[in-house]
Amino acid sequence: MSEGDSVGDSVHGKPSVVYRFFTRLGQIYQSWLDKSTPYTAVRWVVTLGLSFVYMIRVYLLQGWYIVTYALGIYHLNLFIAFLSPKVDPSLMEDSDDGPSLPTKQNEEFRPFIRRLPEFKFWHAATKGVLVATACTFFEAFNVPVFWPILVMYFLMLFCITMKRQIKHMIKYRYIPFTHGKRTYKGKEDVGKTFAS
């Protein structure tokens, strides 16, 4: 490979200024994401705050309802992926390879593994709100629609989708919210231990 052929290289073989800038920007962004990982409640409060600001903006501008509808559908899709197991039990009925959910009371505990982990759910939801907010600055996305129809259609879609998801949960006996392995009380300390 000759000089300047790799991605981001300038003519002299050193990375270009633009490439170094965006690489550094990506590193800073990833650093902030890594630092925010343990603060689940704070992250979600910030996302809900951004959503609230977005809703106020849409209300005051009296437009961009189609963007709001698309954001709602996107968040619904993320939520369903968050509630779904990584390995679909309906596809695993006949095969015994891979992890499966416990079906009997005395079967070994296996934690619920999500198709979309909480952090990725938060990250995608926050990016969705920010993109939708950015769209409200462009008149091209302000498509005139009768918004009550969009609200009714979204509510109908939400109810049908959640009903199907809950039926799936009941049929395959899984709960998407676990808090770790169950612990059992042992026998009370009734005797003395022997010391050597």
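Please state the shape class of region 109-172: rounded when a/c is under 1.5, otherwise prolate if a/b exceeds b/c and oblate if not, all from the C-alpha gyration tensor. Intermediate values should be presented prior to the final figure.
Values: a/c = 6.07, a/b = 1.53, b/c = 3.96.
Taking the square roots of the gyration eigenvalues as a ≥ b ≥ c, region 109-172 is oblate.
Along Cα→Cβ, 7 Å out, is where each label goes; now give me the distance between the ones at Phe158 and Phe138 in nm to one decimal.
Roughly 2.7 nm, to one decimal.
Would you please put 164-175, 137-148, 62-73 in order of how densely packed they are, using the mean number of other Cβ atoms within 10 angstrom per residue and starting with the highest?
Working: 164-175: 12.8, 137-148: 10.8, 62-73: 18.5.
For the peptides 164-175, 137-148, 62-73, the packing ranking is 62-73, 164-175, 137-148.
Each reported figure results from applying straightforward, stated rules to the coordinates on display, with no laboratory input. As the structure is a prediction and not an experimental result, all values here were calculated from the model. No Cβ is skipped: glycine too gets one built from the backbone with ideal geometry, and neighbour counts run over all protein chains shown.
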